[in-house]
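Q: My questions will all concern the structure given below.
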Amino acid sequence: MIKERTTERLTRGQAGALLLSGVSAFLLTGARFGEFSSPLQVSLAAVVSPLQGVAVLAGSLFASVTQGTLGDAPVLLCALVMIVLSGFVLPRRTSAGMGALAAAAGLSISAGLFFVIGGIDLADLALYLCMAVLAGVAAYFAAEALTAFRPAAGGYSEPNGCAFGVCFLLVTGALGSAQLWICNLGVIFAGFVILQGAKRYGIAGGTVCGVLASAGLMLCSRELGGAAAFLALSGMAAGYFADFHKGAVCLLFLAIQGAGQLLLGTDSTAILLLLNLAAGCLLYLALPVEGILEQWLPEIGGEEAPAGFAAVQMDYLAHALAGVRQNAQQIARMLERNGC
């Protein structure tokens, strides 16, 4: 009975991972950084397991067919096929190996093949080599960030904090290209993460998340990134008043962002940005994710910090008392010799 339940849970977990990989690939395939296609789906295929890589390939193909871009990026699709096939042969043990797989075995070799057969010219080859570097860097930091969610890792730590920041920046930029009517998934995601970071880590969390969100939105659109210039200030204010009611923090966050838009000049992009940030605020109010954050992202300066500081103090006092006792014994022996 226990074995059957364990197998059922593993099957459900694998099905959820496959579905998540396919949906993520579908969203990342249509992303653009400026005027160029984003290679993040290649990075995702290099990081996940081989079976999930098949789901990434399927989601990317489905997105290319539905969006009518099947013939626009054959190099990226070829790179995905090569990474999926190599995943069943080559081991993926280190983050550097995953990054090299995305950069070298993925885009570089694929672009070189298309250049040899005349499918792309020298300028396109140089562009794809730059994209290969980006794909390798993204795969490396994504692998580093995923190590925090392994059972043996114990959650977030300082070394993978940079990895979380890079992943947040790139994902925000990629989702910024996903526009559903007036809903921009990148802006909604950015507002949600900024408020969560401000709630969890105070001023530092809100400010850093705001800066990274502005940079990510700048990757996909200059207009959108310029309108999001005040996200760092809004995040800093949300972090300063993080102990207030969540609704009041959201109103303050939107008010500062709106005031900044009035100073910069209000246009359609600024109005859509505010509407999507408001949607991110509603998502922040609706989703109870504090339990997940407490499990994987411990607070900086929380209960663990005072306990560690007290341990250091007790250790120092113990060494000091041991030194005083040793000195007293030496003085006593010297007095005994002098008395004789």
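Q: Quick one: which of Leu129, Leu134, Leu113, Leu122 is more than 17 Å from Pro50 (Cα to Cα) and surrounded by 20 or more Cβ atoms within 10 Å (Cβ to Cβ)?
A: Leu134
Q: Can you tell me which residue among Cys250, Cys183 is free of Cβ contacts under 8 Å to residues at least 60 places away in the same chain and either buried (at least 24 other Cβ atoms within 10 Å of the Cβ) or over 24 Å from Leu134 (Cα atoms) (or both)?
A: Exactly one of Cys250, Cys183 is free of Cβ contacts under 8 Å to residues at least 60 places away in the same chain and either buried (at least 24 other Cβ atoms within 10 Å of the Cβ) or over 24 Å from Leu134 (Cα atoms) (or both), namely Cys250.
Q: Also, I was wondering about something else. Name the residue that is surrounded by the fewest Cβ atoms within 10 Å (Cβ to Cβ), counting only residues in segment 1-45 that are at pLDDT below 70 and basic (Lys, Arg).
A: In this case the residue turns out to be Lys3.
Q: Does segment 166-178 contain any residue that is at pLDDT 80 or above, open to solvent by 50 Å² or more (accessible area, probe 1.4 Å) and under 20 Å from Cys209 (Cα atoms)?
A: yes
The values are calculated or read from the model by the stated rules, or taken from the named source; none is laboratory data. None of these values were measured; they are calculated from a predicted model. In this analysis, Cβ positions are derived from the backbone assuming ideal geometry, glycine residues included, and neighbour counts consider all displayed protein chains. Only protein heavy atoms, including side chains, enter the accessible area calculation; ligands, DNA and RNA are left aside. Shrake-Rupley method; radii C 1.70, N 1.55, O 1.52, S 1.80 Å.
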